[in-house]
1. Taking segment 1-17, which residues are surrounded by 15 or more Cβ atoms within 10 Å (Cβ to Cβ) and over 8 Å from the mean Cα position of the chain (by Cα)?
2. Can you list residue pairs whose Cβ atoms sit under 8 Å apart, with the first residue in segment 14-37 being at negative phi and free of Cβ contacts under 8 Å to residues at least 12 places away in the same chain and the second being loosely packed, with under 15 Cβ neighbours inside 10 Å and in a helix (DSSP H, G or I)? Count only pairs 6 or more apart in sequence or on different chains.
3. Which ones in segment 11-45 are over 13 Å from M1 (Cα atoms), aliphatic (A, V, I, L, M) and modelled with pLDDT of 95 or more?
Amino acid sequence: MAVGDGLNDVSMFNLVGLPVAMGNASEEVKRYAGFVAGSLADDGLAEAIERFVL
């Protein structure tokens, strides 16, 4: 799993089995994600960890 919200994260998304975009990411970044979590302000990172790691 890799989590990101910027265009610089797309290359990382291409290397992992589960790319997760934050809800505040641009629509372009979200297109590369296998899952879109909530925004960082809405605890989206915790959401992704709880769903896929724990």
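The values are calculated or read from the model by the stated rules, or taken from the named source; none is laboratory data. Every value quoted in this text rests on a predicted model; they were computed, and no experiment measured them. Cβ placement follows ideal geometry from the backbone for every residue including glycine, while neighbour counts extend to all protein chains displayed.
1. Across segment 1-17, the qualifying residues are D9, V10, F13.
2. Correct list of pairs: empty, since none qualify.
3. A25, V29
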